[in-house]
Amino acid sequence: MWTIHMPVLSTGHITYETSQMLHAAHEAPGDFPGVTLCAEYSEGFFILIDGTEHLPDDLASILAWMMAQGFDDNWVRLDSDGDQVDLPVYDWEAGK
């Protein structure tokens, strides 16, 4: 059986601008370079990152952190209640 081991990180690790890009990627799959799939839900996103080229710095940092932690599937769940790890945390109110 195929299973996925995926980190659940805080949405605070992405900027408000990136959250809006992910929302658009959910609405129009394929419009976000570097993100193959994006499923949005009320508290965040499930994302499959397929490369680093054209990724915003915040998502590239998340991918690098995932690789350093041994996550070999490029799936990440970003959730408002997810863990804050050793990555920048962004103030979404400042980005609006």
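Annotations for the structure displayed:
- Going from the residue with the fewest nearby Cβ atoms within 10 Å to the one with the most, I4, I62 rank I4, I62.
- Within the set (i) 13.9; (ii) 13.3; (iii) 19.5, the number that Kirkwood radius over Cα pairs in Å takes when calculated for this structure is listed as (ii).
- Ranking of T15, T52 by count of other Cβ atoms within 10 Å, fewest first: T52, T15
Rule-based calculations on the coordinates, nothing more; no lab input. Source: prediction; values computed, not measured. Virtual Cβ from ideal backbone geometry, glycine too; neighbours counted across all protein chains shown.
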